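Everything below concerns the one structure shown next.
What follows draws every value from the coordinates through simple rules; no lab data is involved. Keep in mind the model is a prediction, meaning the values are calculated, not measured. All Cβ positions, even for glycine, are placed from backbone atoms using ideal geometry, and neighbour counts span all protein chains on display.
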Amino acid sequence: MSSRIGGAIVAEDLVKVYNGKVRAVDGVSFNVSPGEVFGFLGPNGAGKTTTVSMLSAGLRPTSGRAMIDGLEVSKDALEVKRRIGVIFQESTADGDLTGRENLEVAAGTYGIPRGEGNRRAEALIHQMQLSDAADRFAKTYSGGMRRRLELAVGLVHRPKILFLDEPTLGLDPQGRAGFWSFIQKLKDETGLTVFVTTHYLDEADTMCDRIAIIDHGKIVATGSPNELKDKLGGDVVTLKTAEGAADMSAVLKPLAGVVSLQKQDGSYRVKCASGETLVPLAVEACARAGAGVTGVTVKRPSLDEVFLEYTGREFREEEGPSATDRAVMMQRVRGALGGRR
Amino acid sequence: MLRELGALTRREFLKIRRNPQALFTSLLLPLLYLLLFGQGFNINPAAALPPGTPPLVAHQVLLDYFRGAPNYYSYFAAGMVGFVAVTATLFIGANVIFDKLFGIFKRTRGTPAPSAAVFGSRLIAGSAQPIALAFFVLGLALLFAHIPGLSGLRVTAQVSALGVVEVFLAIVLLSLMFATLFLTFGILLDVPQTYFAAVNLLNLPVLLTSDALYPWGSMPVWLRTISQYNPVSLAVNVLRETFFGAGQYPFGPGVYLLGLLGWTAVLMGIAIFLVSRALRPLE
């Protein structure tokens, strides 16, 4: 019996504890509306994939509730799987099967009759611009083609909600742009709800209606990209002073328009209402205090800044070498074993 | 359930078809055994009898030594059928482990396909190969009997239609049983090395405590006793009794088939319990 509770994706105080001691996800709550593109950002090990696994009926939460399209995941796992599509971080297409066969088999695993499955496969092949490669083995596909095939496989049963776990990992900029244009088109045409984790903040900024930032298993910020950037309170000016110069924190803080100041490795990261107004004032103030300014940057707030604000770390420092390395390694292994399997 | 099973089984057979090297290698092993081992090892205990032993006595010695088979090759060929039904299933669990490593299994598990369809599809494809191979071995051994200079399988009993069905069932049950066993290993284990270690640990004791290859007459009593309960021996007994007559066997083929069915049912029950836990929708 189904247990319907409203909403597209709802997480209520989700907790996942591994081996009784590692709290990978620690009381995560959010609500994703139908048709929304929701970005889930966080450093490596923050709990992103664990959260996706709990929402997509892959992992049982230690406590809390996950609801998909009104169904409680832990009670209706199989029905939830029928309503969602999942594009995993790593490639899951079967290299020994053609693109078309991958799609036809995937359709069958959702109980779609053979004829209908074949028709859907054909339509998706066309939609994903894979017609020329449809009857080639998936192991011969480029990274971008593989991702498009993954997307097609995830859509063959016409899900209402799509989970994308690092979907563009390892793709070149052109491949990433192409992938997102497919998602945008799908969203526009079908009103699909999309839940995405990504390491590319520019993607999150342009594609997501709302974003949640997770760190140490807890959500530290939620809002639209613009809301989150606005919360930073304007521009960010980074000033670098000459080596050995005295601490300028006390000089910079009182300047007009300064919201906050952080000192990092001889640089001063100053949040202010307007960077253009602050820079001449700050340079002059430092000069008067005997510290020459050797470098200045002014940034409009970006999600990088938002990330830094809420996690205390540069996003690029966290950008997944482990995840990328894993993808590259798997591609190499696939290549090496491709002929033998 | 049937659509999911059908789709996943189609995938398994496509993969078998796409890997002709593996198919060729699986044919090569029994071929080498039939062409080299069986021909070279074709021992004749009657040769050790003193000169002047009456032919009837010599014949009886042979029958006792090879449980009714007219020569070692015929005895061995029936044993080889059981042997390949085991060896051809060894790697089906490894395919599951590789599919886990390559993310393919994760994709399947992300679908609502029931665990019975996931397990069943691999079991069907995984036991089809040994069944086909067992009949290939049987056909080849029968063919060799008609090629001058080669020993072959000589069927000395009248084989009834029921006998053919019993042989078929013995091969199917044995293949199914070992496919179930190794497939369960593959689903439960995640590391190829652990899988191969487990398979090796099991494979040799199973084959070496059966009477698939040893002449019955040369086996010590304790080994004969153990081999009576070995599923490979049970299947091979059905074949030998059907091909060479019932004189040397305490029970009819139906009893051995029941024993084999018991083994298969027990292993299948354990497998269903373990696999349904391992593949439950939420980990």
_Prolate/oblate/rounded label for the range A:9-228 (Cα gyration tensor, a/c 1.5)_ = prolate
_Cα-based helix-to-principal-axis angle, A:143-155 vs chain A, degrees rounded to 10_ = 60 degrees
*Can you give the calculated 222 nm mean residue ellipticity of chain A, where each DSSP H run of n ≥ 4 adds -39,500 (n - 2.57) and the sum is split over every residue, rounded to the nearest 500 deg cm²/dmol?*
-11500 deg cm²/dmol
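Order these by the 10 Å Cβ neighbour count, fewest first: A:Tyr18, A:Tyr200, B:Tyr249. Let's see the in-between values first.
Numbers: A:Tyr18 12, A:Tyr200 21, B:Tyr249 17.
Ranking A:Tyr18, A:Tyr200, B:Tyr249 by Cβ neighbours within 10 Å, fewest first, gives A:Tyr18, B:Tyr249, A:Tyr200.
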*asked:* As an exercise, identify the trypsin sites (Lys or Arg not before Pro) in the range A:81-187 lying in DSSP coil whose Cβ has no more than 16 other Cβ atoms within 10 Å.
replied: A:Arg136
*Using a 10 angstrom cutoff on alpha carbons, build the Gaussian network for chain A and name the most mobile of A:Ala11, A:Ala204, A:Ala246.*
A:Ala246
*Non-local amide H neighbours of A:Val86 (under 5 Å, H modeled in plane, Pro and chain starts lacking H): which ones?*
A:Phe163
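Using a 10 Å cut-off on Cβ to Cβ distances, tally the other chain neighbours for every residue of A:87-97 and report the average as a whole number. Show your work: numbers first, answer last.
Numbers: counts 2, 4, 2, 5, 4, 10, 4, 10, 3, 8, 6.
Mean shielding count: 5.
For the cross-link pairs A:Lys16/A:Lys271; A:Lys16/A:Lys253; A:Lys48/A:Lys160; A:Lys229/B:Lys106; A:Lys21/A:Lys240, which exceed 31 Å when the distance is taken from alpha carbon to alpha carbon? Before the final figure, lay out each step's value.
Working: A:Lys16/A:Lys271 36 Å; A:Lys16/A:Lys253 42 Å; A:Lys48/A:Lys160 21 Å; A:Lys229/B:Lys106 37 Å; A:Lys21/A:Lys240 43 Å.
Long pairs (Cα-Cα over 31 Å): A:Lys16/A:Lys271; A:Lys16/A:Lys253; A:Lys229/B:Lys106; A:Lys21/A:Lys240.
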*About its Cα centre, what dipole magnitude does chain A give when the only charges are +1 on Lys and Arg Cβ and -1 on Asp and Glu Cβ, stated in debye to the nearest 20?*
800 debye
*asked:* Starting from the 7 Å offset along Cα-to-Cβ, what nm value, one decimal, do you get for the label separation of A:Gln264 and A:Asp202?
replied: 2.0 nm
*Give me the distance between the Cα centres of the range A:75-96 and the range A:242-300, rounded to whole Å.*
50 Å
*Rank A:Tyr200, A:Val105, A:Ala152 by how far each Cα sits towards the positive end of the charge dipole of the range A:9-228 (+1 on Lys, Arg Cβ; -1 on Asp, Glu Cβ) and give me just the farthest.*
A:Val105
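Shape verdict for the range A:5-72, please, from the Cα gyration tensor: rounded (a/c under 1.5), prolate (a/b greater than b/c) or oblate.
Working: a/c = 2.29, a/b = 1.45, b/c = 1.58.
In terms of gyration-tensor shape, oblate.
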*asked:* Along the charge dipole of the protein assembly as shown, pointing to its positive end and built from +1/-1 on Cβ of Lys, Arg, Asp and Glu, which listed residue (B:Phe105, B:His59, A:Ala245) has its Cα farthest out?
replied: B:His59
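Suppose we look only past 14 Å in the calculated P(r) of the range B:88-150. What percent of the Cα-Cα pairs does that tail hold?
Values: 1330 of 1953 pairs.
Cα-Cα pairs in the range B:88-150 separated by more than 14 Å: 68 percent.
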_Helix A:173-190 axis, angle to chain A major axis (alpha carbon atoms, nearest 10°)_ = 60 degrees
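So if I take the alpha carbon set of the range B:2-278, get Rg, then get Rh from the Kirkwood formula, what is the Rg over Rh ratio? If you can, show how the numbers build up before the last one.
Values: Rg = 20.1 Å, Rh = 19.8 Å.
Value, to two decimals: 1.02.
Local charge sum around A:Val194 (other residues, Cβ-Cβ under 14 Å, Lys/Arg +1, Asp/Glu -1)?
Details: positive: A:Arg83, A:Lys160, A:Lys185, A:Lys187, A:Arg210; negative: A:Glu36, A:Asp69, A:Asp165, A:Glu166, A:Asp188, A:Glu189, A:Glu203, A:Asp209.
Cβ neighbours under 14 Å give a net charge of -3.
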_Taking the Cα centroid of the range B:101-126 and of the range B:234-263, what is the distance between the two, rounded to the nearest whole Å?_
35 Å
*Work through the residues other than A:Ala134 whose Cβ is under 12 Å from its Cβ and net out their charges, Lys, Arg +1 and Asp, Glu -1.*
-2
*Pick from A:Gly108, A:Gly47, A:Gly85: which residue has the top mean-square fluctuation in a GNM of chain A where Cα pairs under 10 Å get a spring?*
A:Gly108
*Alpha-carbon centroids, the range B:188-222 and the range A:159-237: separation in whole Å*: 55 Å
_Helix axis angle, B:2-17 relative to chain B longest principal axis, alpha carbon, degrees_ = 60 degrees
*Assign one of three labels to the range B:1-69, namely rounded, prolate or oblate, based on the Cα gyration tensor with a ≥ b ≥ c the square roots of its eigenvalues; rounded applies when a/c is under 1.5, prolate when it is not and a/b is larger than b/c, and oblate otherwise.*
oblate
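Ignoring everything except DSSP H segments at least 4 long, calculate the 222 nm mean residue ellipticity for chain B; use -39,500 (n - 2.57) per segment, divide by total residues, nearest 500.
Details: 12 runs with 194 residues, N = 283.
Value at 222 nm, helices only: -23000 deg cm²/dmol.
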*³J(HN,Hα) across the range B:119-134 via Karplus (A = 6.51, B = -1.76, C = 1.60, θ = phi - 60°), whole Hz, x for Gly/Pro?*
6, x, 4, 6, 5, 4, 5, x, 9, 5, 4, x, 5, 4, 5, 4
*Using +1 on the beta carbon of Lys and Arg, -1 on that of Asp and Glu, and nothing else charged, what's the dipole of the protein assembly as shown about the Cα centre, debye to 20?*
1040 debye
